[in-house]
Amino acid sequence: MLNSISLFRSLFKIFMVFSSLLICLSCDDETKTGQCGYHTDCPIPERCLEGQCRLECRVSTDCEQAERCFEGVCYLRPEVCRDDEECAPFQEVCDPRTLLCVPPGELSVDANGGALSAGSSTSSGGMTNGDVSAGTEAGSPAGVEGNLAGTEAGNTAGSMSAGSMSAGSMSAGSMSAGSMSAGSMSAGSMSAGETGGAPAGTGAYGDDCNCPSDCMSGFCVVNKMKRRRTCSDGCDTDVDCPGIDTCLQAQVSPASDLCPDSPSSLPPPGSIVGVCVPNETAYPCNDPSECTSGICLTPPQVVPWTSPQPVCTMACNNDYKCPVGYRCGQVGGIEGNVCVEEAQVSPCPSGDALSCGGVCPVPNGRDEADLAVCLNGFNQTEGYCTCTCASASDCPSGFGCSDIGDTGDPTRPNVCIPFAGATCPLSDQGVEQCLSTTCLVDEDDSTLNRCTAFCAVASDCPSGYECINVGDASVCLPRAQ
């Protein structure tokens, strides 16, 4: 019988980008004399210019054309914004739907002129046996002015202890979700009554674009997962869209100052068209309005020592339209299916495996009670149910098989760790968002932070993941789709 295991790798964070760790390793007295080698050598807001710390500008005419002087630094208007801070030099705010800097009074509005809301948050009940719950599918499109040139879119352990186990029920926390609106996009930019238009561009599906006239199809959509706009294509159903991209309805909007030329192939403003949009599943959110689908799912908080990150999700008809780490399933309060995290985790509040029945795949000749483990962290009693393993095939779906300590079973020396589909944008701020207590941090864009676990070989990782060396260790990462 399994007694206890200590997890030595808790809270280990791996950085995808190491350059910042190498900057100014030995800053000396240069900064005291105003000399510098890097911007980081200088006090804010000064920058390192020609080896000296000084203000880059005092007025906008000190900057290059199209740049704006703000607090001593020259800024170029971002093509795609992440937050209001990036738009502040232009006295504007970042529209979360379009990822464009806009005046505060020109945020996206719905067809009735009100503030655009992609859905209201709802709460599901408990989950049983891995079923998930979440919101309703709504439908009438709402125009979004300037939402994106072309068709606007974007749907896109601590210590471990274990004990004897008897069959028990599985339970989990709750999810919240917003309703899904197909009208969270705008399409095209052709003035009403126009009969002509610009010729089609040369951009193929997935190529970068700024306006619809850059693309052969005339469709240029927001791609939040890549933090830029990409060319898309028209569609009638999801089958018409490549990979995991999804077909959504969008409304053609009028021409704008940003994109005055519109391909002649686009229908008049106000027309409703089907457009392939990037699948936003796993994009971090805090409110349904931040998701093109209008659904922001909050995973259940299985244990008190983690704070799971809510993420956008998308409607789906099968697992093939969901990204790695997700499956197509039902969520309470929503008509139809949406992509949900593949790993379904059950708690063991008492700190032992007595309530972990039905969690572990049981091979012939083995007793489930010998395989189940209650994993707890940070000296907390409450934990979650998992299993010992020799490879990920011994684990529940969405779990990896990681070496975190002696299990006492030489045939199954490792432990199953859940992480598939989970994101951790706040982990580099000291917030533990991963049940695996391991977050792969992208220092350039925290929305790309992903929960992971250590691995030695590919068979240690869940389906769709690879074991990748990232410098000092190897971790499981999803394969490109």
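Remark: Gly206 matches the filter, which requires a residue to be modelled with pLDDT of 90 or more, in contact with a strand residue (DSSP E or B) (Cβ under 7 Å, 6 or more places away or on another chain) and within 14 Å of Val277 (Cα to Cα).
Residue count for region 60-76, restricted to those that are part of a loop (DSSP other than H, G, I, E, B) and either at pLDDT below 80 or touching a Pro at 6+ places or on another chain (Cβ under 6 Å) (or both): 4.
Scanning region 435-465 for residues being within 28 Å of Gln380 (Cα to Cα) and aromatic (Phe, Trp, Tyr) gives a total of 1.
Residues Cys57, Cys53: which one is at pLDDT 50 or above, surrounded by 14 or more Cβ atoms within 10 Å (Cβ to Cβ) and not in a loop (DSSP other than H, G, I, E, B)? Explain how you work it out, then say what you get.
Values: Cys57 fails: not in a loop (DSSP other than H, G, I, E, B).
None of the other options fit; the residue is Cys53.
Scoring Leu21 on the criteria (1) assigned to a helix (DSSP H, G or I); (2) at pLDDT 50 or above; (3) under 35 Å from the mean Cα position of the chain (by Cα) leaves a single failure, condition (2).
Wholly within region 435-481, which strands (runs of 3 or more DSSP E) include no fewer than the required count, namely at least 3 residues that are modelled with pLDDT under 95, touching a His at 6+ places or on another chain (Cβ under 6 Å) and surrounded by fewer than 16 Cβ atoms within 10 Å (Cβ to Cβ)?
Working: elements: 438-441, 465-469, 474-478.
Output list is empty.
So, in region 81-93, exactly how many residues are closer than 16 Å to Lys224 by Cβ and surrounded by fewer than 21 Cβ atoms within 10 Å (Cβ to Cβ)? Walk me through how you get there before you give the answer.
Our first condition is that a residue be closer than 16 Å to Lys224 by Cβ; within region 81-93, this holds for 81-83, 86.
Cutting the leftovers down to surrounded by fewer than 21 Cβ atoms within 10 Å (Cβ to Cβ) gives us 82-83, 86.
Summing the residues that are closer than 16 Å to Lys224 by Cβ and surrounded by fewer than 21 Cβ atoms within 10 Å (Cβ to Cβ) in region 81-93 gives 3.
Per this entry, Gln309 is not counted among residues that are touching a Ser or Thr at 6+ places or on another chain (Cβ under 9 Å) and surrounded by fewer than 21 Cβ atoms within 10 Å (Cβ to Cβ).
The values are calculated or read from the model by the stated rules, or taken from the named source; none is laboratory data. Here the structure is a predicted model, which means the values were calculated and not measured. We place every Cβ from the backbone using ideal geometry, glycine too, and count neighbours over all the protein chains shown.
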